[in-house]
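Enquirer: Pasting a structure here, questions to come.
What follows is calculated from the coordinates using simple rules that are stated; it is not laboratory data. Bear in mind that the values here come from a model prediction, so they are computed numbers and not experimental data. Here the Cβ positions follow ideal geometry from the backbone for every residue, glycine too, while neighbour counts run over all protein chains shown.
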Amino acid sequence: MEKLLRSIDAINRFIGRIASFSAFLLVLVVFFDVLMRYLFKKSWVFTQEMEWHLFAFLFLMAAGYTLLQDAHVRVDILYQNLSPKGKAWINLIGTLFFLIPGCLMVIATSFKFTLNSYLVKEGSPDPGGIPFRFLIKGCIPVGFSLLLLQGIAMGIRSLMFLLGKGESKVEGK
């Protein structure tokens with residue numbers, strides 16, 4: 001079981017590194033777009049679409065890594081004051097009743113959407129836009145699958161801790 005959990009963590013760590021590089025690219029593209037727009041009064045659809053494609057890639061692909069690092073936004077009013085056992089219960093219940101069903105719903109509903117986009121080789125409807133829109137749509141089921149895997153790992157770790165067979169900390173930290 002521990003080998004499976006380490007494998008899931010390794011996958012999300014690797015994807016997290018790739019996604020962090022896209023953040024750097026996003027900064028460069030936005031800087032270039034702002035520079036061109038305000039200094040030279042020029043703007044391109046391709047550049048604007050690249051901004052939201054990179055942001056979408058970053059957001060979707062880094063979600064599992066963010067969960068691994070225990071860096072997701074949560075309402076900490078109660079959680080921060082709980083004991084490690086209380087936190088494990090919250091993580092386990094949240095994973096079972098919210099994270100897993102939510103991820104499965106998005107994966108199931110986005111799969112056909114993504115497949116149709118790929119089959120027609122969907123691109124931007126705007127002249128000069130990015131021709132391969134289906135690639136970014138493909139990140140939806142992939143990103144939520146990575147989040148689902150990391151959520152399962154978190155749930156297993158929480159259960160193991162509650163059963164006295166593991167540590168309370170997220171392994172990625």
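Enquirer: State to the nearest 20 debye the size of the charge dipole of the chain about its Cα centre, where the only charges are +1 on K and R beta carbons and -1 on D and E beta carbons.
Expert: The calculated dipole for the chain is roughly 200 debye.
Enquirer: With unit charges on the beta carbon (Lys/Arg positive, Asp/Glu negative), name the residue among Leu68, Gly94, Ser158 whose Cα is farthest towards the positive pole of the charge dipole of the chain.
Expert: Most positive-ward Cα: Ser158.
Enquirer: Give the separation of the Cα centroids, the stretch 42-72 to the stretch 89-165, in Å.
Expert: The stretch 42-72 and the stretch 89-165 have Cα centres separated by 14 Å.
Enquirer: Tell me, what ³J(HN,Hα) does each residue in the stretch 19-32 have, in order and in whole Hz, if you take phi through Karplus 6.51 cos²θ - 1.76 cosθ + 1.60 with θ = phi - 60° and put x for Gly and Pro?
Expert: 5, 5, 5, 5, 5, 4, 4, 4, 4, 5, 5, 5, 4, 4
Enquirer: Pairs Lys3/Lys165; Lys41/Lys121; Lys85/Lys165: which are spaced more than 24 Å apart, C-alpha to C-alpha?
Expert: Result: Lys41/Lys121 exceed 24 Å.
Enquirer: Using the beta-carbon distance between Tyr79 and Leu115 and R0 = 41 Å, what value does 1/(1 + (r/R0)^6) give for FRET efficiency, to the nearest 0.05?
Expert: The value I calculate is 0.60.
Enquirer: For the residues His53, His72, what sequence is obtained by ranking on other C-beta atoms within 10 Å, fewest first?
Expert: His72, His53
Enquirer: Another question, then. For the charge dipole of the chain, defined by +1 on Lys and Arg C-beta atoms and -1 on Asp and Glu C-beta atoms about the Cα centroid, which residue among Ala56, Pro125, Ser20 has the Cα displaced farthest towards the positive pole?
Expert: About the Cα centre, the residue reaching furthest to the positive side is Ser20.
Enquirer: Rank Ile136, Leu115, Ser7 by how far each Cα sits towards the positive end of the charge dipole of the chain (+1 on Lys, Arg Cβ; -1 on Asp, Glu Cβ) and give me just the farthest.
Expert: Going by the charge dipole, the pick is Ser7.
Enquirer: Grab the beta carbon distance between Lys41 and Arg17, set R0 = 45 Å, and tell me the FRET efficiency rounded to 0.05.
Expert: The calculated FRET efficiency here is 0.75.
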